[in-house]
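Visitor: What follows is a structure written as structure tokens; I'll ask about it next.
The values are calculated or read from the model by the stated rules, or taken from the named source; none is laboratory data. This structure is a prediction, so every number in the text was calculated from the model and none was measured. Using ideal geometry, Cβ is built from the backbone for each residue, glycine included, and neighbour counts are taken over all protein chains shown. Ligands, DNA and RNA are excluded from the accessible area calculation, which covers all protein heavy atoms including side chains. Shrake-Rupley method; radii C 1.70, N 1.55, O 1.52, S 1.80 Å.
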Amino acid sequence: MSNHPLVDVRHLKQYFTVKSDMLTKLQLKAVDDVSFTINQGETLGLVGESGCGKTTVGRTLLRLYKPTAGEVYFDGNLITDDNINHYRKDMQIVFQDPYSSLNPRMTMADIVGEPLDIHGLYKTKAERRDKIAELVQLVGLNSDHMRRYAHEFSGGQRQRIGIARALAVNPRFIVCDEPVSALDVSIQAQIINTFEELQAKLGIAYLFIAHDLLVVQHMSQRIAVMYLGKIVEIGPADEIIEHPVHPYTQSLISAIPLPDPNAARKRHRIILQGDVPSPLHMPEGCPFRSRCRYATEECAKVCPTLEEVSSGHQVACYHPQG
Amino acid sequence: MSNYSADMIPKKRLLSLQLDAAKFERASDAEKEQHDVMRESTTFFKDGMRKLFKNPLAVISLVVLLLIIVTIVIAPMIVPYKYSEMITINGKRDRSAKNLPPFTYSQMELKAIEEGQEIFPHIFGTDELSRDYFIRVVYGARVSLSVGFFASLIVLIIGLLFGSIAGYAGGKVDLVLMRIVDVIYSLPDTLMVILLSVVLDQVLGQSLQGTVLASLGTNMISLFVVFGLLYWVGMARLVRGQILSIKTNEYVLAARAMGAKSGRIIRKHILPNCMSVIIISTALQIPSAIFTESFLSFIGLGVQAPMPSLGSLANASRQALQAYPYKLVFPALGICLIVLSFNLLGDGLRDAFDPKLRR
Ligand SMILES: Nc1ncnc2c1ncn2[C@@H]1O[C@H](COP(=O)(O)OP(=O)(O)O)[C@@H](O)[C@H]1O
Ligand SMILES: [Mg+2]
């Protein structure tokens, strides 16, 4: 076995230039110096409020956007613009919106078969058809519906088609960008189970993006918490949920709905005060300080970097709690 | 379906929101059936055609256009006259057959009929050079329709290429290409058409002699050049706008994540999704091309005599408008019918196929 991680992201940055009016251009730091690793067959959960840059991390990692700075290593090799096409077969993505992620003019067979076409993964028409049928069944869809168009399927079924499409090239790593958040709760559980079954069967590593902490905890071995383009806390899943250290993580966890109303009443909910700074005008220092109860002068000067608090558990805060 | 169940995965935490499948009721057969009915398998195209055929105006214009096309294809085979030749009786030119009203015969023809000859009636009468007017109007409609069709084809091809490149490439390429479009768009098009027709007539006049194109006439060719140079900009803008909005869909991103090349993305994902809009606006482009051709022919910059076009026929009829008003009525009616039918059909297509107007 190799001793390097499967995916190694180092100091990834993605700055978008946004026009505020005709002349002035502003920089939007959607992802600002993010580093993490994912091992073979492992799931890293990525959580954070909407707009904090989770989607951008996933897409920049796959070079769907050209990174402003930083490197991504896959299986120990640096990914560049020149060799990315070679790695398209190893890294795939499942999108959030099951409606806009499938071409309405294509049948299920053509959608799932497209990666096979692109990479020439079959020799005969019959082989193509068999491979598609196999993929479709693998994600729990009925292979009798091959000739149906995307709009004839329900949201959950569409998401399964998206998963089958990602699996077609036999990837070793999939970015799952909030794959269940657009679905009904009852369907969410089914799709999550499908992801887990596939991981057990095929040994795929996931970057599992979600804003629902419970879903992420259920899926992942490790969790990274993002706030305004930066990772503020990263560590083993159970430790993040049970012993959160960053004040932002603590507030997220205190907001998880509890099924037991008595327990919920007893719990102390941390309600954040203050405003989220505009990503176009990021303040100096820690991005969270405007909403942080523990903020001091120190926080306003230099942005804290990730420091280890226990084995494998890192936090970017001058005043780690607990 | 597969045999997973929400209950089978061990709950990692008590707080988990995982649902208990046992609490759900199975859908009854009646409910499932209802779903199947709702999901009747129709393709986008079939669905659109069904809507189109429910629109009476669109159907009528389609029928009118088909009738016109059948007429202009078949009539020259049945009617024994030529658009450029005087009527002849027994090999002799019939000079008395000038300016006949519809369905009348000249003296020479009447004599021939008495002798037992069959003479084909002059449905629209004859013109001042003793030529059958019906066949001239038919040929005029032929010219007008083919100008409309080919000019729209030129507009479509150039506009599609230009617009797709600008929309797909984006950034600086888009900026430069669209400024070119803006400049052309801002030119007064009628004036440009007239100027270009005059200039091209001079330039092309000699160089074309003896080639196949000469039979088309320089005016006709300059007409196509004008369309090729000026009228594609609207199409280019439309295509660019469509592509910009389709490009943001996640299925395009998914194709890129699979390693699809740009050509494939345009062919398989972007064009099929803006095809309906492009077809509709091409259908609407045809009448505008026909109208421009008629207008140019009317002011004498259109097709070369003796080739008729609906516009030049209308122009020729002006000289004796009071004596023979029907000579204006037939070509004018032809223009009106063709342009109106194409416009109504285009509107019908838009209502049936434009997804933005649906639901
Ligand atoms: N293509 C883009 N151009 C400009 N700004 C963008 C683009 N994509 C995302 N952003 C901005 O980057 C920030 C992060 O967005 P995103 O990654 O989608 O967040 P999340 O997925 O966590 O909700 C947002 O402020 C968003 O407006
Ligand atoms: Mg997102």
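Visitor: Straight-line reach from A:Lys125: which aspartates and glutamates have Cα under 20 Å away, leaving out those fewer than 8 places along the same chain?
Guide: Straight-line reach from A:Lys125, under 20 Å: A:Asp110, A:Glu114, A:Asp117, A:Glu134, A:Asp144.
Visitor: Order A:118-127, A:179-188, B:280-289 from most to least packed using the mean count of other Cβ atoms within 10 Å. Walk me through the numbers before you get to the answer.
Guide: Details: A:118-127: 12.1, A:179-188: 18.8, B:280-289: 21.5.
Ranking the peptides A:118-127, A:179-188, B:280-289 by packing returns B:280-289, A:179-188, A:118-127.
Visitor: For the charge dipole of the protein assembly as shown, defined by +1 on Lys and Arg C-beta atoms and -1 on Asp and Glu C-beta atoms about the Cα centroid, which residue among A:Leu280, A:Asn3, A:Leu252 has the Cα displaced farthest towards the positive pole?
Guide: Value computed over the given set: A:Leu280.
Visitor: State in Å² the accessible area per residue of region A:45-97; use a 1.4 Å probe, count heavy atoms of protein chains only, and round to the nearest integer. Please list the in-between numbers first.
Guide: On the way: 1990 Å² over 53 residues.
Result: 37 Å² of accessible area for each residue.
Visitor: Spin-label point model (7 Å from Cα, Cβ direction): what's the B:Lys98 to B:Ile194 distance in nm?
Guide: It is 3.2 nm.
Visitor: Can you give the extra length, in nm with one decimal, that the chain gains between B:Leu161 and B:Gln322 once fully stretched, where that is 0.36 nm per residue apart less the Cα-Cα distance?
Guide: Working: separation 161, 0.36 × 161 = 57.96 nm, distance 4.95 nm.
Extra length available between B:Leu161 and B:Gln322 comes to 53.0 nm.
Visitor: Now for a different question. Which of rounded, prolate or oblate describes chain A when judged by the alpha-carbon gyration tensor and an a/c cut-off of 1.5?
Guide: On the way: a/c = 1.87, a/b = 1.56, b/c = 1.20.
Here chain A falls in the prolate category.
Visitor: Oh, and also: Tell me what chain A gives for mean residue ellipticity at 222 nm when only DSSP H runs of n ≥ 4 count, each as -39,500 (n - 2.57), the sum divided by the residue total, rounded to 500 deg cm²/dmol.
Guide: Values: 11 runs with 101 residues, N = 322.
Computed ellipticity for chain A at 222 nm equals -9000 deg cm²/dmol.
Visitor: May I ask what percent, to the nearest 5, of DSSP beta bridges between residues of the protein assembly as shown are antiparallel?
Guide: Details: 32 of 49 bridges.
Around 65 percent antiparallel, to the nearest 5.
Visitor: Can I ask one more? Given the pairs A:Lys123/A:Lys201; A:Lys123/B:Lys172; A:Lys230/A:Lys266, which are separated by over 30 angstrom at their Cα positions?
Guide: On the way: A:Lys123/A:Lys201 26 Å; A:Lys123/B:Lys172 41 Å; A:Lys230/A:Lys266 32 Å.
As for pairs spanning more than 30 Å Cα to Cα, those are A:Lys123/B:Lys172; A:Lys230/A:Lys266.
Visitor: Measure nothing but the geometry: give the 0 to 90° angle between the long axis through the Cα atoms of A:108-119 and the longest principal axis through the Cα atoms of chain A, rounded to 10°.
Guide: Taking Cα atoms only, the helix is inclined about 90 degrees.
Visitor: Could you compute how much accessible area chains A and B hide from each other, both sides summed, with a 1.4 Å probe? Nearest 100 Å² is fine.
Guide: Working: alone 16110 and 21750 Å², together 34080 Å².
Buried: approximately 3800 Å² between B and A.
Visitor: Among bridges DSSP assigns within chain A, what percent are antiparallel (round to 5)? List each step's numbers first, then the result.
Guide: Working: 29 of 46 bridges.
That works out to approximately 65 percent antiparallel.
Visitor: When you look at the Cβ of every residue in B:253-266, what mean number of other chain Cβ atoms sits within 10 Å? Don't skip to the answer; put the middle values down first.
Guide: On the way: counts 8, 15, 5, 6, 16, 14, 10, 6, 2, 0, 0, 3, 0, 0.
Across the residues of B:253-266, the mean count of other-chain Cβ atoms within 10 Å is 6.
Visitor: Sticking with this one: Shape call for region B:129-194 from the C-alpha gyration tensor, a ≥ b ≥ c root eigenvalues: rounded (a/c under 1.5), prolate (a/b greater than b/c) or oblate? Before the final figure, lay out the partial values.
Guide: Numbers: a/c = 8.25, a/b = 2.56, b/c = 3.22.
Here region B:129-194 falls in the oblate category.
Visitor: For helix A:185-202, what angle does its Cα long axis make with the longest principal axis of chain A, in degrees from 0 to 90 and rounded to 10?
Guide: Once rounded, one gets 70 degrees.
Visitor: Could you list, in their original order, any pairs among A:Lys29/A:Lys54; A:Lys131/B:Lys268; A:Lys13/A:Lys89; A:Lys13/A:Lys66 whose Cα atoms are separated by more than 19 Å? Mind dumping the intermediate values first?
Guide: Working: A:Lys29/A:Lys54 12 Å; A:Lys131/B:Lys268 21 Å; A:Lys13/A:Lys89 24 Å; A:Lys13/A:Lys66 10 Å.
In this structure, A:Lys131/B:Lys268; A:Lys13/A:Lys89 lie more than 19 Å apart at Cα.
Visitor: Obtain the nm distance between the two label points defined at A:Lys201 and A:Leu280 by a simple spin-label model: each point lies 7 Å from its Cα along the Cα-to-C-beta direction.
Guide: Each label point is offset 7 Å from its Cα along the Cβ direction, giving 4.7 nm.
Visitor: Still on this structure, please answer the following. What is region B:86-131 by shape, rounded, prolate or oblate, if you read a ≥ b ≥ c off the alpha carbon gyration tensor as root eigenvalues and call it rounded for a/c under 1.5, prolate for a/b larger than b/c, and oblate otherwise?
Guide: Working: a/c = 2.04, a/b = 1.32, b/c = 1.55.
It comes out oblate by the Cα gyration axes.
Visitor: Roughly what angle does helix A:125-138 make with the longest principal axis of chain A, taking Cα atoms, 0 to 90 degrees, to the nearest 10?
Guide: 40
Visitor: Separate question: If R₀ is 60 angstrom, what is the calculated FRET efficiency for the pair A:Gln221 and B:Leu153, using the beta carbon separation as r and rounding to 0.05?
Guide: Values: r = 60 Å, r/R0 = 1.00.
Using R0 = 60 Å, I get an efficiency of 0.50.
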